[in-house]
1. Looking at the stretch 295-304, is at least one residue at positive phi, assigned to a strand (DSSP E or B), open to solvent by less than 40 Å² (accessible area, probe 1.4 Å) and not acidic (Asp, Glu)?
2. What pairs come up if the first residue lies in the stretch 226-239 and is closer than 25 Å to Asp270 by Cβ, the second is part of a strand (DSSP E or B) and polar (S, T, N, Q), and their beta carbons are under 6 Å apart, counting only those six or more places apart or on different chains?
3. Of all residues in the stretch 236-248, which are open to solvent by less than 60 Å² (accessible area, probe 1.4 Å) and part of a loop (DSSP other than H, G, I, E, B)?
4. Any residue in the stretch 320-339 that is assigned to a strand (DSSP E or B) sitting within a Cβ distance under 7 Å of a residue that is among the acidic types (Asp, Glu)? List the pairs, counting only those 6 or more apart or interchain.
5. Tally the residues that are in contact (Cβ under 8 Å) with a residue 40 or more places away in the chain and open to solvent by 10 Å² or more (accessible area, probe 1.4 Å), restricting the search to the stretch 77-93.
6. Against the condition part of a strand (DSSP E or B), more than 25 Å from Tyr376 (Cα to Cα) and open to solvent by 80 Å² or more (accessible area, probe 1.4 Å), how does Tyr287 come out, does it pass?
7. Can you tell me which residue within the stretch 346-384, out of those that are of a type in the set (Gly, Ala, Ser) and over 17 Å from Thr328 (Cα atoms), is least open to solvent (accessible area, probe 1.4 Å)?
8. Conditions: (1) open to solvent by 70 Å² or more (accessible area, probe 1.4 Å); (2) out of contact with any Cys (no Cβ under 9 Å at 6 or more places or on another chain). Leu343 meets all but one. Number of the miss?
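The values are calculated or read from the model by the stated rules, or taken from the named source; none is laboratory data. This structure is a prediction, so every number in the text was calculated from the model and none was measured. Here the Cβ positions follow ideal geometry from the backbone for every residue, glycine too, while neighbour counts run over all protein chains shown. What goes into the accessible areas is simple: the full protein's heavy atoms, side chains included, and nothing from ligands, DNA or RNA. Shrake-Rupley method; radii C 1.70, N 1.55, O 1.52, S 1.80 Å.
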Amino acid sequence: MTLEWYSRQRFVWFTVLTLLLICQLSRTVTSLPNGSFENDPPTVAPKFLSRGHLYKVIVGETIELPCKVQNLGSFVLLWRKGSSVLTAGHLKITRDPRFKIVGDYNLQINGVKTQDAGDYICQLVPPTLRALPHNGQVTARKGSTVTLECKASGNPVPTIYWFKKDVFSGPTHLSDSSTLILENVDRHHAGIYQCSADNGVKERVSMDIQLTILSPPEITVEKSWVHAAEGYDVELVCIVHGDVNSEMMWYQNSFLLDPTDRRSMYPRDDRYSLIIRNFQSSDFGNYSCVADNALGRTKKYIEVSGRPGPADFISPALSGSLDHYNLTWTIESIPPLEEVKLLYRRLLMNETYQHPGKWHEFHIKPIAIRSDSTHYLMSYVIKNLEHNAVYEAIVQARNKYGWNEISDIHQFYTRNHDLLFDLDMEYKIGTSTASSTNNPSFGKLLSIITILCIPMKVFLNLM
């Protein structure tokens, strides 16, 4: 009994023709690996080096059918027997263990059987990926629903993955479906989306789609409150988000501003600056930046004031003492501070409720240290506090322009035990234990372990 394998010359001609046809189609609607597109330089077409042949083999023997291709590129080689796919690249599709790929892409059949007789075809199948829309550009209005679609073909059937590219954090995986639906889109959805097809045979094939969102301007301010003083230079910054060109206008107390010898306006990409030199008392007030485009208008406000900025607390929450706490903060103020008020109260609390006590108020003489040209560093020791208690504090300050806004509440805690007393007692216990065991080394080890555990005990005492 013999096995006959052949590939007619007409099939070889037909295969090459099919390959060229697929390549031409892929140049218009599909991408190549790494996001290449139709304007890329042409790639070299694959070429068969093996020729069709008639093989005869005795049942039970092993035969190797050659298939050599030049310039394979991203194409996939399939071995088929009739309409049944045996292998795709180096991936075996058939479950018959007698079939395997050897060398580059030669098909080896071990223990040939009578049913193995037939036509064996080595075929080129290019991986294809088609995206909708075909030009890779999508534009949508803010609030609408956007549908991005990718269709892939190959054998085995490829899996499609959707990613959003980001130059800082890298690609973010979004979906494993052929269709990606984005609802209620805004400017954060804008960017480059990539669909990739992978069937485990060759490298992934990918295509990029650029999504642009049309919306009224969106503005963020660098600072909504800006500290200033006469004679200094001040910069106000508004950042405009959106892909439609916007016109920026600046206002002071609802009056449109124009450039002067002291006032300049600079745009840089999406960042718009208003610079006021040699600041005067008449320059204090409320400023607004207004951005206009064809889809709408947006306004943001900035207050420019000589009053101090709110206190920013920098002291740790846990006191190192039983009955006092060193409260430390910074305040932004170019003029000297004239008065500082500190208020604190105890907070009675358990697992189910918290009840604030009465505020205690202190007026502090503003003896402060300059941390830089615009900030003061201040501290005050609050005494006669309860052990193992929770407190809250707020600070307010005044300079020649007036009082600042009251600070956010700062919460702090007193200890339950004195740290040095705990350390001495724990060390004595460790030494005593070592003596009772007649093992000095054990005593030293226990003392070290005890010392290392004290911070955890401090934390637990506050629970």
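1. In the first step, residues of the stretch 295-304 are kept if they are at positive phi; the result is 296.
Of the ones still in play, those that are also assigned to a strand (DSSP E or B) are 296.
Narrowing further to those that are open to solvent by less than 40 Å² (accessible area, probe 1.4 Å): 296.
From what is left, the residues that are not acidic (Asp, Glu) are 296.
Yes, the stretch 295-304 has at least one match.
2. Correct list of pairs: Glu235/Ser273; Val237/Ser273; Ile239/Thr220.
3. Step one: of the stretch 236-248, the residues open to solvent by less than 60 Å² (accessible area, probe 1.4 Å) are 236-242, 244, 246, 248.
Those that are open to solvent by less than 60 Å² (accessible area, probe 1.4 Å) and part of a loop (DSSP other than H, G, I, E, B): Gly242, Val244, Ser246.
4. Trp329/Asp312; Thr330/Asp312
5. Start the filter on the stretch 77-93 by keeping residues that are in contact (Cβ under 8 Å) with a residue 40 or more places away in the chain, which leaves 77-81, 85, 88-91, 93.
Narrowing further to those that are open to solvent by 10 Å² or more (accessible area, probe 1.4 Å): 80-81, 85, 90-91, 93.
So the answer is 6.
6. Numbers: part of a strand (DSSP E or B): yes; more than 25 Å from Tyr376 (Cα to Cα): yes; open to solvent by 80 Å² or more (accessible area, probe 1.4 Å): no.
For Tyr287, the condition - part of a strand (DSSP E or B), more than 25 Å from Tyr376 (Cα to Cα) and open to solvent by 80 Å² or more (accessible area, probe 1.4 Å) - is not met.
7. The initial filter retains those residues of the stretch 346-384 that are of a type in the set (Gly, Ala, Ser), namely 357, 368, 371, 373, 379.
With over 17 Å from Thr328 (Cα atoms) added as a condition, the list becomes 357, 373.
Values: Gly357: 32, Ser373: 89 Å².
Here the residue is Gly357.
8. Every condition holds for Leu343 apart from (1).
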